[in-house]
Amino acid sequence: MPIKSYLAHPQEGQKEVLMEALSKIDNCEVIPAENKNLLIVVTDTESQTDDEKVKGSIEAIESLKLLAMVSGFNTPKNN
């Protein structure tokens, strides 16, 4: 399962709007930075396909200025 973390930079004055939009996306957790105008976003999906859908949903948000991946890894499922 892919787990990735991102720094999401909002458009000017849009931090709260971006946080609300990100919070509505399944498999996505949002943590606001306390001293910077950015959000920490962690995604945890079941497959690469789901991961791509979540990333596409994030990138489609108008209040998002820049999305930078900080780390990512994929843990294979054990059957």
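The values are calculated or read from the model by the stated rules, or taken from the named source; none is laboratory data. Keep in mind that what you see is a predicted model, and the values were worked out from it rather than measured. Glycine gets a Cβ as well: all are built from the backbone with ideal geometry, and neighbour counts include every protein chain shown.
Please enumerate the residues belonging to region 14-45 that are within 12 Å of Lys4 (Cα to Cα) and in contact (Cβ under 8 Å) with a residue 40 or more places away in the chain.
Thr43, Asp44, Thr45
Of everything in region 32-46, what is part of a loop (DSSP other than H, G, I, E, B) and charged (D, E, K, R)? Give them in sequence order.
Kept after step one, since they are part of a loop (DSSP other than H, G, I, E, B), are these residues of region 32-46: 33-38, 45-46.
Hits for region 32-46 are Glu34, Lys36, Glu46.
Kindly indicate whether any position in region 11-24 is modelled with pLDDT of 95 or more, buried (at least 17 other Cβ atoms within 10 Å of the Cβ) and among the β-branched types (Val, Ile, Thr).
no
Taking the options Val54, Val42, name whichever one is at pLDDT 95 or above, buried (at least 18 other Cβ atoms within 10 Å of the Cβ), out of contact with any helix residue (DSSP H, G or I) (no Cβ under 8 Å at 6 or more places or on another chain) and of a type in the set (A, V, I, L, M). Quick ask: steps written out before the conclusion?
Values: Val42 fails: buried (at least 18 other Cβ atoms within 10 Å of the Cβ).
One residue alone meets the criteria, Val54.
Hey, can you tell me all the residues within region 21-31 that are touching a strand residue (DSSP E or B) at 6+ places or on another chain (Cβ under 9 Å) and not in a strand (DSSP E or B)? Spell out the reasoning first.
We begin by selecting, within region 21-31, every residue touching a strand residue (DSSP E or B) at 6+ places or on another chain (Cβ under 9 Å); these are 21-23, 25, 27-31.
Hits for region 21-31 are Ala21, Leu22, Ser23, Ile25, Asn27.
Could you tell me whether Leu7 is surrounded by 12 or more Cβ atoms within 10 Å (Cβ to Cβ), touching a residue at least 60 places away in the same chain (Cβ under 8 Å), in contact with a helix residue (DSSP H, G or I) (Cβ under 7 Å, 6 or more places away or on another chain) and part of a strand (DSSP E or B)?
Criteria not met by Leu7.
Which condition from (1) outside any helix (DSSP H, G or I); (2) surrounded by fewer than 17 Cβ atoms within 10 Å (Cβ to Cβ); (3) among the polar types (S, T, N, Q) is the one that Thr49 breaks?
The single condition Thr49 does not satisfy is (1).
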